[in-house]
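Before any comments, here is the structure.
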Amino acid sequence: MTEAAPYTPPAVWTWNPQNGGQFASINRPTAGATHDRDLPVGRHPLQLYSLATPNGVKVTVMLEELLELGHAGADYDAWLIRINEGDQFGSGFVAINPNSKIPALLDRSGPTPIRIFESGAILMHLAEKFGAFLPTDPEPRARCLSWLFWQMGSGPFLGGGFGHFYAYAPVKIEYAIDRFAMEVKRQLDVLDRRLAESEYLGGDAYSIADIANWPWYGALVQGTLYNAAEFLQVQDYANVRRWADQIGARPAVQRGRMVNRVMGDPASQLHERHDASDFATKTQDKIQAQSPAD
């Protein structure tokens with residue numbers, strides 16, 4: 001096997017628009033809107049603009065869990081943002097999230113609309129707004145928030161690090177994959193040790209710490225993220241797998257995972273959600289079955 005010539009960084013980095021693999025068309029070194037586009041607004045106080053990536057799933061799971069508890073004010077419209085088509089660079093989306101990443105939430109329940117971006121910030125906003133899934137006593141609250149922010153800091157190593165180089169990079173780089181696989185396994189070990197002593201990450205109660213971590217690490221050990229379960233030998237993390245299966249069985253989690261989903265089984269895809277009845281009537285398999293023949 002012929003080894004590639006070693007890469008020496010230039011004195012000044014220059015952007016090559018073609019050097020980005022399947023994401024080359026949407027990645028760029030500048031911020032801001034690329035086109036004018038207003039965002040749609042539905043009838044509910046909460047307007048979510050998202051896609052069912054792990055970060056997007058955090059918020060739809062949270063909203064469905066709040067509705068499951070009976071918080072009618074948590075009803076929401078979920079609008080699909082197709083990031084591969086650059087929807088996140090429309091002027092309306094950038095006005096909510098100048099970082100142009102999903103998810104973004106517009107809370108219109110008060111006299112002045114509140115714009116929230118970053119999934120962890122959205123979870124905290126909703127938890128505090130409805131008084132749910134975030135302890136109020138100082139010690140358990142600190143523990144819950146520690147595991148929430150652990151995910152926010154650790155997730156990029158799993159997604160942009162391991163996930164990118166293992167699943168998406170146009171060239172497989174042994175050093176990059178080895179480096180990030182080692183870190184992800186270390187993270188799984190951190191979680192496994194914690195979940196050996198506690199039912200949930202924050203303690204005895206299910207919280208936003210679990211809601212934030214499950215779409216990433218739960219999906220990883222259940223084999224639905226990057227198809228890397230065998231590569232990472234996730235069977236070694238029995239406590240994480242127990243926790244992932246326990247949370248995955250929750251009805252609100254199953255609904256939340258469907259919202260804004262555009263991949264996989266059509267029966268698991270609810271591209272947009274505007275009413276609870278949409279889960280029964282507007283999943284993509286039913287839409288396709290009802291479509292007239294060509």
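The values are calculated or read from the model by the stated rules, or taken from the named source; none is laboratory data. Predicted model, so just to flag it, every value in this text is computed and none were measured. Counting neighbours? That spans all protein chains shown, and the Cβs are built from the backbone with ideal geometry, glycine included.
Is there a residue in the stretch 218-227 that is of a type in the set (Gly, Ala, Ser) and at pLDDT below 95? The answer is no, given that none of the residues of the stretch 218-227 is of a type in the set (Gly, Ala, Ser) and at pLDDT below 95.
Among the residues of the stretch 34-60, those identified as more than 16 Å from Glu118 (Cβ to Cβ) and either assigned to a loop (DSSP other than H, G, I, E, B) or small (Gly, Ala, Ser) (or both) are Thr34, Asp36, Arg37, Asp38, Leu39, Pro40, Val41, Gly42, Arg43, His44, Pro45, Ala52. Restricting Ile114, Ile102 to those that are buried (at least 18 other Cβ atoms within 10 Å of the Cβ), modelled with pLDDT of 95 or more and either at negative phi or touching a strand residue (DSSP E or B) at 6+ places or on another chain (Cβ under 9 Å) (or both) reduces the list to Ile102. Working only within the stretch 165-176, note down all residues that are surrounded by fewer than 18 Cβ atoms within 10 Å (Cβ to Cβ) and assigned to a helix (DSSP H, G or I). The answer is Ala167, Tyr168, Glu174, Tyr175, Ala176. In the stretch 232-262, the residue that is farthest from Leu191 (Cα to Cα) out of those that are touching a residue at least 40 places away in the same chain (Cβ under 8 Å), hydrophobic (A, V, I, L, M, F, W, C) and out of contact with any strand residue (DSSP E or B) (no Cβ under 8 Å at 6 or more places or on another chain) is Ala252.
May I ask you to verify whether Tyr206 is in contact with a Lys or Arg (Cβ under 9 Å, 6 or more places away or on another chain), assigned to a loop (DSSP other than H, G, I, E, B), in contact (Cβ under 8 Å) with a residue 60 or more places away in the chain and surrounded by 15 or more Cβ atoms within 10 Å (Cβ to Cβ)?
Judged against the criteria, Tyr206 is a match.
Just to be sure I understand the filter: pairs with C-beta atoms under 7 Å, separated by 6 or more residues or on different chains, first member in the stretch 68-88 and over 20 Å from Lys101 (Cβ atoms) and modelled with pLDDT of 95 or more, second member polar (S, T, N, Q) and not in a strand (DSSP E or B). Which pairs pass? From the stretch 68-88, the pairs are Gly73/Ser109. Scanning the stretch 131-151 for residues that are in a helix (DSSP H, G or I), surrounded by fewer than 17 Cβ atoms within 10 Å (Cβ to Cβ) and not acidic (Asp, Glu) yields Pro138, Pro140, Arg141, Ala142, Ser146, Phe149.
As an exercise: evaluate Gln18 against (1) out of contact with any strand residue (DSSP E or B) (no Cβ under 9 Å at 6 or more places or on another chain); (2) modelled with pLDDT of 95 or more; (3) not in a helix (DSSP H, G or I) and give the number of the one condition it does not meet. Of the numbered conditions (1) out of contact with any strand residue (DSSP E or B) (no Cβ under 9 Å at 6 or more places or on another chain); (2) modelled with pLDDT of 95 or more; (3) not in a helix (DSSP H, G or I), the odd one out for Gln18 is (2). Before we move on, is Pro45 surrounded by fewer than 18 Cβ atoms within 10 Å (Cβ to Cβ), over 23 Å from Asp275 (Cβ atoms) and in contact (Cβ under 8 Å) with a residue 60 or more places away in the chain? So Pro45 fails the test. Scanning the stretch 105-130 for residues that are touching an Asp or Glu at 6+ places or on another chain (Cβ under 9 Å) and part of a strand (DSSP E or B) yields Ile114, Arg115, Ile116.
The number of residues in the stretch 143-187 that are touching a residue at least 40 places away in the same chain (Cβ under 8 Å) and touching a Gly at 6+ places or on another chain (Cβ under 7 Å) comes to 8. Would you say Ala280 is over 23 Å from Ile83 (Cβ atoms) and out of contact with any helix residue (DSSP H, G or I) (no Cβ under 9 Å at 6 or more places or on another chain)? Answer is no for this residue. Does the stretch 140-149 include one or more residues that are small (Gly, Ala, Ser), more than 19 Å from Val57 (Cβ to Cβ) and more than 18 Å from the chain's Cα centre (by Cα)? Taking every residue of the stretch 140-149 in turn, at least one turns out to be small (Gly, Ala, Ser), more than 19 Å from Val57 (Cβ to Cβ) and more than 18 Å from the chain's Cα centre (by Cα). Could you check, for the stretch 229-239, whether at least one of its residues is hydroxyl-bearing (Ser, Thr, Tyr) and either over 25 Å from Glu118 (Cα atoms) or touching a Lys or Arg at 6+ places or on another chain (Cβ under 8 Å) (or both)? Looking for residues that are hydroxyl-bearing (Ser, Thr, Tyr) and either over 25 Å from Glu118 (Cα atoms) or touching a Lys or Arg at 6+ places or on another chain (Cβ under 8 Å) (or both), one finds at least one in the stretch 229-239, hence yes. Of the helices (runs of 4 or more DSSP H) lying entirely inside the stretch 231-294, those carrying at least 2 residues that are crowded, with 19+ Cβ neighbours inside 10 Å and at pLDDT 95 or above are 238-248, 251-258.
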